[in-house]
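S.K.: One structure, as structure tokens, below. Some questions next.
Just so it is clear, none of the values below were taken in a lab; they were calculated from the coordinates. Keep in mind the model is a prediction, meaning the values are calculated, not measured. Glycine gets a Cβ as well: all are built from the backbone with ideal geometry, and neighbour counts include every protein chain shown.
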Amino acid sequence: MATTIADFLKAAGISFGILGSNEDCDGNEVLFIGEKGLFRELADRNAKKYRELGVKKIITLSPHGYNAMKNKYGNLGEIEIYHYTQVFSELINDKNLEFSSINAKVTYHDPCFLGRYNKIYDAPRELIRWIPGVELVEMERTRDNSFCCGGGSGNFVFDLLGRSTDSPSRIRVREAYETGATQLIVSCPSCYCMLDEAIKTEGLENKLAIKDISELVIESIKNR
């Protein structure tokens, strides 16, 4: 996912940098499992690093990171925070990017921290609809009524809910499969991992593929 986002930014002619091994955790899950002191330490350390580097804009891969920096840090000053789908959507409208057709029927899963927490529903869908040949079919529960993948608030790490038939990730995968889509599109690495595992557990590997929006977009761009 990180690689395809970088590929898109390069295709769009955008100059960007990464911190690589110097990048710290954003702290979102640390905060949501109650480690407020550690979260504050991470937030202050990150903010200090960004100021020293003269960072003006941050593009996050994870909606969890977006939520933490946008709503919880409170110490980033004038630094602008974006989720990559917002940036992609603007760039596709502004740049002369050509797309090749992809014959695919897809459904999109709204991540909690992108959707309900931050009300970003349209940008991901605009990206999907930009690609010729892609048919977007919605699940019954979408947007502010979307169903969680089950990875939030530390469950991605601790798996407190186990792998029962009624675990959120397995329920969500079944909802996706019921739409008739052959691809489940996500925009969050936690959702990707949770739902990918659920697809395997449900025995749907050959019927439902999981893909990040960035992968779908870069697959279609001609001028990479």
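S.K.: Write down the radius of gyration of the chain and its Dmax, each obtained from C-alpha positions, in Å.
M.R.: Looking at the chain, its Cα Rg and Dmax stand at 17.7, 50 Å.
S.K.: Which of the GluC sites (Glu not before Pro) found in the stretch 1-91 are in a DSSP loop and have at most 11 neighbouring Cβ atoms, other than their own, within 10 Å?
M.R.: Answer in residue order: Glu23, Glu78.
S.K.: Return the sequence-ordered ³J(HN,Hα) values of the stretch 142-151 in whole Hz as given by the Karplus equation 6.51 cos²θ - 1.76 cosθ + 1.60 applied to θ = phi - 60°, using x for Gly and Pro.
M.R.: Karplus values, whole Hz, x for Gly and Pro: 9, 6, 6, 10, 4, 9, 5, 6, x, x.
S.K.: Also, quick follow-up: Would you calculate, for the chain, the mean residue ellipticity at 222 nm contributed by helices, counting each DSSP H stretch of 4 or more residues as -39,500 (n - 2.57) and dividing by all residues, to the nearest 500? Could the numbers behind the result be given before it?
M.R.: Numbers: 10 runs with 94 residues, N = 224.
That comes out to -12000 deg cm²/dmol.
S.K.: Counting other Cβ atoms within 10 Å of each Cβ, which trypsin sites (Lys or Arg not before Pro) in the stretch 160-205 have at most 12 and sit in a DSSP loop? List each step's numbers first, then the result.
M.R.: On the way: sites: Arg163, Arg170, Arg172, Arg174, Lys200; in loops: Arg163.
Loop-located and lightly packed - Arg163.
S.K.: In the chain, what % of DSSP beta bridges are antiparallel (nearest 5)?
M.R.: Details: 1 of 15 bridges.
Given both bridge residues lie in the chain, the antiparallel proportion sits at roughly 5 percent.
S.K.: Determine one quarter of the surface area of the Cα convex hull of the stretch 100-220, which equals its mean projected area, and express it in nm² to one decimal.
M.R.: Computed as one quarter of the Cα hull surface, the answer is 6.9 nm².
S.K.: Could you tally the net charge around Ala2, taking each other residue with its Cβ under 12 Å from the Cβ of Ala2, Lys/Arg +1 and Asp/Glu -1? Intermediate results must be reported in sequence, preceding the final value.
M.R.: Working: positive: none; negative: Asp7, Glu23, Asp212, Glu215.
That works out to -4.
S.K.: For Ile59, Ile5, Ile14, which order do you get if you count the other beta carbons within 10 Å of each Cβ and list the fewest first?
M.R.: Values: Ile59 20, Ile5 23, Ile14 13.
The fewest-first ordering by Cβ neighbours comes to Ile14, Ile59, Ile5.
S.K.: By counting other Cβ atoms within 10 Å of each Cβ, how are Val217, Val55 ranked from fewest to most?
M.R.: On the way: Val217 25, Val55 16.
Least crowded to most crowded, the residues run Val55, Val217.
S.K.: To continue, here is another question. Amide H of Glu135: which non-local residues (sequence gap of 5 or more, or other chain) have their own amide H closer than 5 Å, using H built in the peptide plane?
M.R.: Ala104, Lys105, Val106
S.K.: Mind checking the alpha-carbon convex hull of the stretch 2-89 and giving the volume per residue in Å³?
M.R.: Dividing the Cα hull volume of the stretch 2-89 by its residue count gives 100 Å³.
S.K.: Exactly which trypsin sites (Lys or Arg not before Pro) in the stretch 55-156 are in a DSSP loop and have at most 16 other Cβ atoms within 10 Å? Intermediate values should be presented prior to the final figure.
M.R.: Values: sites: Lys56, Lys57, Lys70, Lys72, Lys95, Lys105, Arg116, Lys119, Arg125, Arg129, Arg141, Arg143; in loops: Lys56, Lys95, Arg116, Lys119, Arg141.
Hits after loop and neighbour filter: Lys56, Lys95, Arg116, Lys119, Arg141.
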